[in-house]
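Novice: Sharing a structure below in structure tokens format, with a few things to ask.
Just so you know, all these numbers are worked out from the coordinates, no wet-lab data involved. Computed from a prediction, not measured in an experiment: that's the story for all the values here. Heads up, the Cβs are rebuilt from the backbone with ideal geometry, glycines too, and the neighbour counts pull from every protein chain shown.
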Amino acid sequence: MSGTKRKFTREFKLQVVTEIESGTKTRAQITREYELSEGLVTKWVAVYRANPQTAFTGRLVASEEERLKIKIKELEWALGRKTMEVETLKFTLEGLNVKKGGFMK
């Protein structure tokens, strides 16, 4: 087989996964019949099992989307905390009567 990269449609990937999941064909039969690598077929099955509704649509997988939402919440929390620290330091400096230049009155 040549070194060119092939592109597969969503329908084809679903057909391959359905044949494996239903037990119609084994992975070995699929890889031989369609000239696919076993690793690629295994990846397609894993993607399908993770979220059948969005499998092969090009959108974020739900778990990836959830991971990003969690990361956003963590960053928002960290930003809020840093904002509070800045406000606390400003208040403290005002209490010490420190001018913007850094000198005391």
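Novice: Around GLN15, under 12 Å between beta carbons, what's the net of Lys plus Arg minus Asp minus Glu among the other residues?
Specialist: Here the charged neighbours net out to -1.
Novice: Also: Please give me the summed charge of the neighbours of GLN29: other residues whose Cβ is under 14 Å from its Cβ, Lys and Arg +1, Asp and Glu -1.
Specialist: Charge balance near GLN29 sits at -2.
Novice: Only one of the listed values, (i) 2, 13, 19, 20, 16, 11, 8, 6, 4, 1, 0; (ii) 2, 10, 14, 12, 9, 7, 6, 5, 5, 5, 4, 5, 5, 5, 4, 2, 1, 0; (iii) 2, 12, 22, 22, 19, 12, 7, 3, 0, 0, was derived from the coordinates as P(r) over Cα pairs in 5 Å bins from 0, in percent; which label is it?
Specialist: (ii)
Novice: From the phi angles alone, apply the Karplus equation (6.51, -1.76, 1.60; θ = phi - 60°) to the range 41-56 and give each ³J(HN,Hα) in whole Hz, x where the residue is Gly or Pro.
Specialist: Listing the rounded values in order: 5, 4, 5, 4, 5, 5, 4, 5, 5, 5, 6, x, 5, 9, 4, 6 Hz.
Novice: How much length is gained on full extension from TRP77 to ARG27, taking 0.36 nm per residue of separation minus their Cα-Cα distance?
Specialist: My answer for the length gained is 13.4 nm.
Novice: Once label points are set 7 Å from the Cα along Cα→Cβ at both GLU65 and ALA50, what is their separation, rounded to one decimal in nm?
Specialist: Between GLU65 and ALA50, the simple spin-label model gives 1.3 nm.
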